[in-house]
Amino acid sequence: MAAAALLVGVGVTAVAFMRMTGGGATPGPLEGAGMTDEALRSLHAEAGVELGAGAGGALPSDSVGPVSDAYRTQLQALQARVTESPEDAESLEALATLLHDAHKREEAAALYERLIELDPSRRQAWLDLADCYGGLVRWADVRDLMIRMMGPFPEDPAALYNLGVAEISLGNVSQARSWWEQAASQTSSGAVAAMARSALDRIRDQG
């Protein structure tokens, strides 16, 4: 699994950064960031953020190689269950997770969006949707989603950390610093706080 930027959830300890991109290509200027490739590359490197290609290049491939018969069988079964019971949160989450793990980010995102509207208490669904958006280089959507997540999950350490990732990826150093400072102050998740402190150390001389 490639290193990446967004946090999977509270269970992550040894794996510090979340799967988000299929490779380590450096993005071109992100829309609205007003920064050059070189400036963004420097910010990402300082913050330890690895991204796929952005507006200036191709998105990371959704291809994960040959699809197994077992995967097809499971996919078809879950699709049938969701079609039959579109408000079945368990089936929605199972299908979204299957697609997410197969790097089918667009399809998974649509299902996660439905799921959190249906049941906003599913914390992991918010984080997995952020991962999908990040993999698609939709940083403004990551930011907006994590702000929404803090409605049902006030001051969630992973949401705070991910907000910093979104802001640094948009070239907003001061905003990233602010979110990471809040994440670093959280006592409910030592691993996330440590990651936030590490990110802050890396951007200490930036902006």
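So which residues in region 136-176 are open to solvent by 50 Å² or more (accessible area, probe 1.4 Å) and part of a helix (DSSP H, G or I), if there are any at all? Steps first, answer last, please.
Here is the first cut: in region 136-176, the residues open to solvent by 50 Å² or more (accessible area, probe 1.4 Å) are 138, 141, 143-144, 147-148, 151-152, 154-155, 174-175.
Once the filter is applied, which keeps residues that are open to solvent by 50 Å² or more (accessible area, probe 1.4 Å) and part of a helix (DSSP H, G or I), region 136-176 yields ASP141, ARG143, ASP144, ILE147, ARG148, SER174, GLN175.
Taking region 76-106 as the range and being within 15 Å of the chain's Cα centre (by Cα) and acidic (Asp, Glu) as the test, the residues that pass are ASP101, GLU106. Which residues, taken from region 95-127, are under 16 Å from LEU75 (Cβ atoms) and in a loop (DSSP other than H, G, I, E, B)? Matches in region 95-127: ALA102, HIS103, LYS104. Of the listed requirements (1) crowded, with 20+ Cβ neighbours inside 10 Å; (2) out of contact with any Pro (no Cβ under 7 Å at 6 or more places or on another chain); (3) modelled with pLDDT under 95, SER189 misses just one: (2).
The values are calculated or read from the model by the stated rules, or taken from the named source; none is laboratory data. Quantities reported herein were computed from a predicted structural model and do not represent experimental measurements. Here Cβ is always computed from backbone atoms with ideal geometry, including for glycine, and neighbour counts include all displayed protein chains. Note: areas computed on protein heavy atoms with side chains; ligands, DNA, RNA excluded. Shrake-Rupley method; radii C 1.70, N 1.55, O 1.52, S 1.80 Å.
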